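Peer 1: Handing you this structure, nothing more for now.
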């Protein structure tokens, strides 16, 4: 199947789902509600009450991270949907962008309704030039890694019977759409790498920075503080070390397609 | 006893860019740290301060050099 054929099928599938995004938002969540799977917490080594409290704030952090991650993604998709270089897949890129906009609205609604805010993005705009190495490959490679990693969480939490139904529903909706994005991302990335035969070393260096950055944002000391934990920075550092094996396993699973293309480096996993 | 923020910051940045940096070395202008490094640097500054940084209300150039970082986020350590 060509990329254009795949994109056409995914576009038609997207259109059939347009009306099925309803979420029954509860008025409130209680301290008894699990909002993040215990074994997926960045700091799972806690008593149940503390873990459940942290689970709420890690859900807010996870949705905030996705919200912030989708802004540059949507901008990149919109630019490419209007570019002649992507003419044959432009309708799907536009649908992809619409789905991401719907996800952003869903994540923001959860955070604002139950936490009163999103966590801010831990970054600032700089005037530094963009890395000039293969911007098209970088865009789709970063997008693919981010979506594959987030989808590992989506798939687990959509099926976790201990989680509140609204959490399962958010992850199920996200997973439903991400499946198409990931299939498309794997295919277009393979085509781009085959066509351009890029300097993989330079790409690996850049992408490993992105992988590390993504993981670091899942260990948010602000979430620990909001959950009432003490020594939040020391805890974060201990959790980062203790969870090294978990991160490596998740990175290798989420990054298996990038690894196969020579775009990730297993020697320097975060 | 913990190192002063200036020592910790210069050591971390030096390890990242592979060269020694002084208080006034232009970090962004000379592209010694990447946009990814900047996020990690923010987390390190927060840890050294013991408090989060309000990124929405920062003056331009707050991360321009180690001296500027100390002035912006560690006023009491400027002369350490």
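Bear in mind that the values in this text are calculations on the coordinates, not laboratory data. Bear in mind that the values here come from a model prediction, so they are computed numbers and not experimental data. Glycine gets a Cβ as well: all are built from the backbone with ideal geometry, and neighbour counts include every protein chain shown.
Peer 1: Round to the nearest 0.05 the FRET efficiency obtained for residue B:67 and residue A:79 when R0 = 35 Å and r is the Cβ-Cβ distance.
Peer 2: Once rounded, the FRET efficiency stands at 0.40.
Peer 1: With Kirkwood's inverse mean 1/r over C-alpha pairs for Rh, give me the Rg to Rh ratio of segment B:5-77, two decimals please.
Peer 2: So for segment B:5-77, dividing Rg by the Kirkwood Rh gives 0.91.
Peer 1: Let me ask another. Normalised by the number of residues in chain B, what is the relative contact order in percent for Cα pairs under 8 Å and 6+ residues apart?
Peer 2: 37 percent
Peer 1: Right, another one. Considering Cα pairs under 8 angstrom that are at least six residues apart, work out the relative contact order of chain A and quote it in whole percent.
Peer 2: 25 percent.
Peer 1: Also: Which distance in nm do the two modelled labels at residue B:29 and residue B:3 give, with both placed 7 Å along the Cα-to-Cβ direction?
Peer 2: Result: 2.5 nm between the two label points.
Peer 1: Further, regarding this structure: State the Cα centre-to-centre distance between segment B:1-41 and segment A:47-110 in whole Å.
Peer 2: So the separation of the two Cα centres works out to 31 Å.
Peer 1: Show me, bin by bin at 10 Å from 0, the whole-percent P(r) of segment A:1-67 based on Cα pairs.
Peer 2: In order of increasing distance, the bins hold 17, 29, 22, 20, 10, 0 percent.
Peer 1: Mind checking the full-extension length gain between residue A:16 and residue A:32? Use 0.36 nm per residue of separation minus the Cα-Cα distance, one decimal, nm.
Peer 2: Extra length available between residue A:16 and residue A:32 comes to 2.1 nm.
Peer 1: Can you tell me how much longer the chain between residue A:230 and residue A:199 gets when fully stretched, taken as 0.36 nm per residue apart minus their C-alpha distance, in nm with one decimal?
Peer 2: So the extension gain works out to 6.6 nm.
Peer 1: Another question, then. State, to one decimal in nm, how far the label point of residue A:71 lies from the label point of residue A:2, with both points 7 Å from Cα in the Cβ direction.
Peer 2: 3.8 nm
Peer 1: Going by average Cβ neighbours within 10 Å, how do the peptides A:188-201, A:29-42, A:142-155 rank, with the highest at the top?
Peer 2: A:142-155, A:29-42, A:188-201
Peer 1: Once you average over the residues of B:38-48, how many Cβ atoms of partner chains fall within 10 Å of each Cβ?
Peer 2: 4
Peer 1: Which whole-percent values make up P(r) of chain A when all C-alpha to C-alpha distances are grouped in 10 Å steps starting at zero?
Peer 2: The distribution over chain A is 6, 29, 35, 22, 7, 0, given as percents.
Peer 1: Continuing with the same structure: How far apart, in nm, are the 7 Å Cα→Cβ label points at residue B:56 and residue A:190?
Peer 2: With each label placed 7 Å out from Cα toward Cβ, I get 4.4 nm.
Peer 1: Please average, across the residues of A:44-55, the number of beta carbons from any other chain that are within 10 Å of each residue's own beta carbon, and give a whole number.
Peer 2: The shielding value for this peptide is 0.
Peer 1: Can you order the peptides A:217-226, A:250-259 by their average number of other Cβ atoms within 10 Å per residue, highest first? Don't skip to the answer; put the middle values down first.
Peer 2: Working: A:217-226: 21.3, A:250-259: 18.8.
In descending order of packing, they fall as A:217-226, A:250-259.
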